[in-house]
Amino acid sequence: MNNIDFEPHFHGRSPALKWLGIIGVWVVLGIIYAGPIYFEVRAEGMDHSAWKIFGWGILTWLSWAPLTPLILYLARNYSLIGESWKRSLIVHLPAFVVCSMLHSAAATLFTLAIKPFDNMGDSPTTFWPRFLGRMKGSFGPDLLVYGVIVGICYAVEYYQKYREREFLASQLEVQLAQAQLDSLRMQLHPHFLFNTLNGIVGLVRDNRNQAAVSMLVGLSDLLRHALEHSEEQEVELKDELSFIKLYLGIQQMRFSDRLQIEMDIDSKTSHALVPNLLLQPLVENALRHGIARNEDAGVLGITSKVTDGALRLTVFDNGKGLPGNWQLKSSGGIGLANTIARLQQLYGDAQRLDIQNRSEGGVEVMIVMPLRMASA
């Protein structure tokens, strides 16, 4: 049997609140049941007491309240869904008969005590005849009520499971995005540090000590900035650009006068949120595959603007461009594939990344994502 809790709606609530919720539901159903009866007898000119009719209707339905926890318990421990439903049915059928008998007994007592229609007519005025008569006609409606209680329990349980799965999925997406960010950091640090330290060693060998010191200071500032934002999944664009400027400052020492930087940043986008380390792999690709392969001076540019309510970022270079048969799937670029996956995880279909050759030469990477500003 499935030992599943079918009272998720009441988790974390005190017993008093649970009972208040159960009683409230049955009272409302009693009012809905008695209302049409009262207005019908009034329309026929019968002067029956309103409080008697509504009191009788409410108490008749309220007699299901003490039976509700029993039905919930049975639904929880003897599931009618799954392979064990036949065995569970053996428990539920006699339980329903008992519940129906108890409800009929309570309804009979309330009817005899309140006399909602004043004159009972030819109906029996003693308990047993009236109880047996009610029992015969109440099995169908009572079975419906019993089934609705069990069905609502299952519906609430599956809704909660759906919400839990949805929450877990969102948590997994965040964890995946974080793992991809960590992977990007691991890819950045060894590769970049190796090249930078090699550059510093080369400057020292050439007795260019001041340039070596400057590169060391730049590397220190870069690593400090990376550590300060190491746990953040998103940062403001101005902080991401600060990191990129430090990164490019070191790269300019390596490339000397062969690297020219152009930035066109819309001031409206400074506080926009972007994925941490979003631009670094794009800039690194532009340097490695664009600028480094040019014998002449190269240009690397970064732009940002707001377009149709979205943030658009562009990284471009004036290198040789992509081969005619180039495809992202077969390119083998880990950094670029990682960037695409992170954008998908963070923004779903609300983002886009396009890569294409520029008409004036070189490659342009354009990212479009939701424009979300950092809170004050």
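Points to keep in mind about this one:
- By definition, a body whose alpha carbon gyration tensor gives a ≥ b ≥ c is oblate when a/c is 1.5 or more and a/b is not larger than b/c, and segment 208-370 fits this oblate description.
- Correct option for Rg/Rh (Cα atoms, Kirkwood Rh) [calculated from the coordinates] among (i) 0.99; (ii) 1.33; (iii) 0.96: (ii)
- Relative to the longest principal axis of the Cα atoms of the chain, helix 334-347 runs at roughly 30 degrees.
- Folded to 0 to 90 degrees: helix 209-228 orientation relative to the chain principal axis, Cα: 0
- Full-extension gain in nm, residue 344 to residue 327, via 0.36 nm per residue minus C-alpha separation: 4.2 nm
- Charge dipole (debye, nearest 20) of the chain; +1 at Cβ of Lys and Arg, -1 at Cβ of Asp and Glu: 900
- Take 88-99, 69-80 and order them by the average number of nearby Cβ atoms within 10 Å per residue, most first; the result is 69-80, 88-99.
- Dipole of the chain [Lys/Arg +1, Asp/Glu -1 at C-beta], most positive-end residue of 110, 41, 200: 110
- Between residue 23 and residue 84, the modelled label-to-label distance comes to 3.4 nm, taking each label 7 Å out from Cα in the direction of the beta carbon.
- Efficiency of FRET between residue 113 and residue 14 - r from beta-carbon atoms, R0 30 angstrom, step 0.05: 0.40
- FRET efficiency, 1/(1 + (r/R0)^6) with R0 35 Å, evaluated for residue 171 and residue 308 via beta carbons: 0.65
- Among 336, 292, 304 - extreme Cα towards positive end, dipole of segment 208-370, charges at beta-carbon: 292
- Cα gyration tensor, segment 128-171 - rounded (a/c under 1.5), prolate or oblate: prolate
- A Cβ-based charge dipole, computed about the Cα centre of segment 208-370 with Lys and Arg at +1 and Asp and Glu at -1, lands at about 420 debye.
- Just checking the listed ones, 25, 283, 315: in the Gaussian network model of the chain with Cα springs under 10 Å, the one fluctuating most is 25.
- Stretched out straight at 0.36 nm per residue, the stretch from residue 49 to residue 155 would grow longer than its current Cα-Cα span by 34.3 nm.
- DSSP beta bridges confined to segment 208-370 are antiparallel in about 75 percent of cases.
Just so you know, all these numbers are worked out from the coordinates, no wet-lab data involved. Computed from a predicted structure; not experimentally measured. Here the Cβ is made from the backbone with ideal geometry for all residues, glycine too, and neighbour counts use every protein chain on show.
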